[in-house]
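To start, the structure under review is shown below, and the notes come after it.
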Amino acid sequence: MMVAAADRSIVWSDDFLIGIEEIDYEHLCLVEDINRLHRELLDRVESDRIDSTLGTIHARMQAHFALEERVMLANAYPHYREHKAEHERLLDEYTELMTRFERQPSRADREAIEAMLRHWIVGHIATSDKKMSLMVTGGKQA
């Protein structure tokens, strides 16, 4: 995974693949959504469009976490509780930042949202999701 230095967009790479096709596809869609948000913020498009993208990311995160949690439960993943708690913390943090930004957009909140999303994509996929995938797929990676 790389973050493009010039504009801080996330560059998709095979490092994101965890070996569960549905989850890999959702990760790709989330990266695309996050990059779209970044471009909109950079271009200072109208707030309704940014709010829509923020909402799209929120809905996709909820659906994505639900999918991962179903996969973990279906495979009796022993670290389900910790992983689910991480999802809840990430969603709570994003919801708080998104709501604050929608009410009163500020540069600090914009940067916090982008940093949080980049950290989540990089950190959560590279650690928690890969660990979960290795256990539920028996170590078979993409």
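Of the residues examined, ALA126 is not one that is part of a helix (DSSP H, G or I), farther than 20 Å from GLU26 by Cβ and out of contact with any Gly (no Cβ under 6 Å at 6 or more places or on another chain). Of the residues in the range 122-138, at least one is under 17 Å from PHE16 (Cα atoms) and touching a strand residue (DSSP E or B) at 6+ places or on another chain (Cβ under 9 Å). The residues listed here are GLU111, GLU88, GLU68; of these, the one that is assigned to a helix (DSSP H, G or I) and at pLDDT below 95 is GLU111. Scanning the range 44-81 for residues that are touching a residue at least 24 places away in the same chain (Cβ under 8 Å) and acidic (Asp, Glu) yields ASP51, GLU68. In the range 20-40, the residues that are in contact (Cβ under 8 Å) with a residue 40 or more places away in the chain and within 12 Å of ALA63 (Cα to Cα) form Cβ pairs under 6 Å with partners that are of a type in the set (Lys, Arg) and buried (at least 16 other Cβ atoms within 10 Å of the Cβ), at six or more places apart or across chains, as follows: LEU30/ARG60. Of all residues in the range 51-97, those satisfying the criterion of being β-branched (Val, Ile, Thr) and either touching a Lys or Arg at 6+ places or on another chain (Cβ under 7 Å) or under 24 Å from MET135 (Cβ atoms) (or both) are THR53, VAL71. Condition first: over 15 Å from ARG49 (Cα atoms), in a helix (DSSP H, G or I) and more than 20 Å from the chain's Cα centre (by Cα). Now tell me which residues in the range 95-107 satisfy that. Answer for the range 95-107, where residues must be over 15 Å from ARG49 (Cα atoms), in a helix (DSSP H, G or I) and more than 20 Å from the chain's Cα centre (by Cα): just ARG107.
If you check ARG110, ARG100 for being more than 21 Å from GLU22 (Cα to Cα), of a type in the set (Lys, Arg), surrounded by 13 or more Cβ atoms within 10 Å (Cβ to Cβ) and in contact (Cβ under 8 Å) with a residue 40 or more places away in the chain, only one passes: ARG110.
The values are calculated or read from the model by the stated rules, or taken from the named source; none is laboratory data. Quantities reported herein were computed from a predicted structural model and do not represent experimental measurements. Positions of Cβ are generated from backbone atoms using ideal geometry, with glycine treated the same way; all protein chains shown enter the neighbour counts.
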